[in-house]
Amino acid sequence: MEANMPKRKEPGKSLRIKVISMGNAEVGKSCIIKRYCEKRFVSKYLATIGIDYGVTKVQVRDREIKVNIFDMAGHPFFYEVRNEFYKDTQGVMLVYDVGQKDSFDALDAWLAEMKQELGPHGNMDNIIFVVCANKIDCTKHRCIDESEGRLWAESKGFLYFETSAQTGEGINEMFQTFYVSIVDLCENGGKRPTVNSSTSFTREQADTIRRIRSSKDSWDMLGVKPGASREEVNKAYRKLAVLLHPDKCVAPGSEDAFKAVVNARTALLKNIK
Ligand code: GTP
Ligand code: MG
């Protein structure tokens, strides 16, 4: 049996699982849990000190699931406290604030911290990760859009949900899908169910969309040197068009990236004799 498979008393009936929350301080981890478990929202910030623990029971199909939730403090100060709690986990809720770019950029560091604490024999492939793009009610301050967040999550095989602990949007759907996925994983002997190839995309497609998003000008976007010839521009364009054409590419953000590439080509060709 896989190292972090949960113990169950009666096969097919009750199941005990452990989930943890991860993400920078103040992104809303505790509020998401509170919204789901207590159906309420607290607007005053009360930082989690080290770790908060709670137990809840949920029903998934015919099974009663006992969920042990470990809500971690995001502040670096509490690293020594939370590092004990990564092991024997079946589900991770990875949260960022859509209005705080730092909290999105920090997601990789959170995964690295978990990997380090699990050690060389730890296996993160048999854990369900759900990414919560939280505080979507704060539309004015939003700086990470859905396709950027979804691309990051789905390129890693993680679930992705847009949530607001304040309004409750997305919270129940997120937890329901999260728990169903964990139960599916447990029933599948600890292996993630294989992803349907028509809904997946390649790493090259994901990396290209990210590169296009962060390009500084049209030359950079097409990946050619400033002053490149018409032929060079057209060749680069064709390569990107094949990779990103919306008929062929299902990666989040591919449609916008494709449009941006078309516009970049048009703009460059206008000025090349
Ligand atoms: P640490 O425990 O320090 O790691 O923080 P945390 O991630 O648990 O954040 P917490 O849930 O305590 O929320 C931080 C602040 O954000 C609080 O003031 C919350 O009221 C607010 N907040 C949380 N979720 C939302 C949300 O969806 N929308 C809005 N507008 N505010 C939110
Ligand atoms: Mg907290």
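Taken over segment 126-143, the residue count meeting the criterion of being free of Cβ contacts under 8 Å to residues at least 40 places away in the same chain, open to solvent by less than 30 Å² (accessible area, probe 1.4 Å) and either part of a helix (DSSP H, G or I) or within 15 Å of ligand 1 (Cβ to nearest atom) (or both) is 3. Restricting the search to helices (runs of 4 or more DSSP H) fully inside segment 21-125 and requiring at least 2 residues that are touching a residue at least 60 places away in the same chain (Cβ under 8 Å) gives 29-38, 101-105, 107-118.
Name the residues in segment 105-116 that are open to solvent by 50 Å² or more (accessible area, probe 1.4 Å) and farther than 25 Å from Asn188 by Cβ, would you? Correct list: Asp105, Asp108, Ala109, Ala112, Gln116. When each of Asp108, Asp62, Asp71 is tested for being among the acidic types (Asp, Glu) and in contact with a helix residue (DSSP H, G or I) (Cβ under 7 Å, 6 or more places away or on another chain), the lone residue that passes is Asp71. Within segment 65-80, the set of residues being more than 13 Å from Tyr53 (Cα to Cα), surrounded by fewer than 20 Cβ atoms within 10 Å (Cβ to Cβ) and among the hydrophobic types (A, V, I, L, M, F, W, C) comprises Phe77, Phe78.
The values are calculated or read from the model by the stated rules, or taken from the named source; none is laboratory data. Because the structure is predicted, anything quoted here is derived from the model rather than measured. When we count neighbours, we look across all protein chains shown, and the Cβ atoms used for this are built from the backbone with ideal geometry, even at glycine. The protein model used for the area step is the full one, side chains on, heavy atoms only, and it has no ligands, DNA or RNA in it. Shrake-Rupley method; radii C 1.70, N 1.55, O 1.52, S 1.80 Å.
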